[in-house]
Amino acid sequence: VMESLIGKKEPEFTTPFDLNLIGEYNVTGDMWQYSPLLERLGIRVLSTLSGDGRIESIQYAHRAKLNVIVCAKSLVTFTRKMNEKYGIPFVSVSFYGKNDTSHALRSIAEAFGDAELIAKTEALIQEEEAKLEEKLKPYKEAFANKKCILNTGGNKSWSIASALQDIGLKV
């Protein structure tokens, strides 16, 4: 398992699965929940902009093979410019809730285009979703046939709605 390079000195090498997390503010520590999944897949977080970002790692962000936009409204122009200047493709994902996280992992693996990584990702998703489903059972039972109103404002409303639907609520 490759360790994250966040806050560390510039790597002397790159890997086929180095990525940057763009617009990852890590406000509630959510990055610490999904970055271990990336590491288990052999995907290395080369740099983050901006939550846990460090000047040292931002200086070598141009060496990544993929940019992952975590906040759809953040740094999109920057990501497009990195694509133009360095040829780094990008995907936009969300890691809120089971379905969004699984979709994000699939999108990242597919963007790298490596069949072995895609298969490994599918296996990880199946394993993690099975564990999560077991933990969600009591919540799904408690929220069966229940409705909720979501009044959050901001850009994450759809992601939060998706996570609520994961536990059986009708939003």
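For the reader, a short list of remarks on this structure follows.
- Among the residues making up the stretch 43-68, those that are among the polar types (S, T, N, Q) and open to solvent by 10 Å² or more (accessible area, probe 1.4 Å) are 50, 59.
- Residues located in the stretch 6-42, provided they are modelled with pLDDT under 85, open to solvent by less than 20 Å² (accessible area, probe 1.4 Å) and either of a type in the set (D, E, K, R) or over 16 Å from the mean Cα position of the chain (by Cα) (or both): 11, 24
- Filtering the stretch 69-105 to residues that are open to solvent by less than 30 Å² (accessible area, probe 1.4 Å) and either part of a loop (DSSP other than H, G, I, E, B) or among the hydroxyl-bearing types (Ser, Thr, Tyr) (or both) leaves 70, 71, 74, 79, 88, 93, 94, 95, 101, 102.
- If only residues of the stretch 144-171 that are touching a residue at least 40 places away in the same chain (Cβ under 8 Å) and outside any helix (DSSP H, G or I) are counted, the one that is surrounded by the most Cβ atoms within 10 Å (Cβ to Cβ) is 156.
- Taken together, the criteria place residue 110 among residues that are surrounded by fewer than 16 Cβ atoms within 10 Å (Cβ to Cβ) and within 18 Å of residue 125 (Cβ to Cβ).
- Inspection of the stretch 121-128 identifies no residue that is in contact with a strand residue (DSSP E or B) (Cβ under 6 Å, 6 or more places away or on another chain) and buried (at least 18 other Cβ atoms within 10 Å of the Cβ).
- Against the test of being touching a Ser or Thr at 6+ places or on another chain (Cβ under 9 Å) and not in a strand (DSSP E or B), the options 133, 141, 116, 110 yield a single qualifying residue, 110.
- Selection status of residue 128, at pLDDT 95 or above and either under 22 Å from residue 34 (Cα atoms) or of a type outside the set (Asp, Glu) (or both): yes
- Checking 95, 78 one by one, the residue that is among the aromatic types (Phe, Trp, Tyr) and more than 13 Å from the chain's Cα centre (by Cα) is 78 and no other.
- Just one of (1) within 23 Å of residue 157 (Cα to Cα); (2) charged (D, E, K, R); (3) at pLDDT 95 or above fails for residue 110. It is (1).
- One residue stands out in the stretch 43-60 among those that are in contact with a Pro (Cβ under 9 Å, 6 or more places away or on another chain) and not hydrophobic (A, V, I, L, M, F, W, C): the one that is farthest from residue 115 (Cα to Cα), namely 60.
- The set of residues in the stretch 48-60 being under 10 Å from residue 22 (Cα atoms) and either at pLDDT 90 or above or touching a Leu at 6+ places or on another chain (Cβ under 7 Å) (or both) consists of 48, 49.
The values are calculated or read from the model by the stated rules, or taken from the named source; none is laboratory data. A quick note: this is a predicted structure, and the numbers were derived from the prediction, not measured. No Cβ is skipped: glycine too gets one built from the backbone with ideal geometry, and neighbour counts run over all protein chains shown. The protein model used for the area step is the full one, side chains on, heavy atoms only, and it has no ligands, DNA or RNA in it. Shrake-Rupley method; radii C 1.70, N 1.55, O 1.52, S 1.80 Å.
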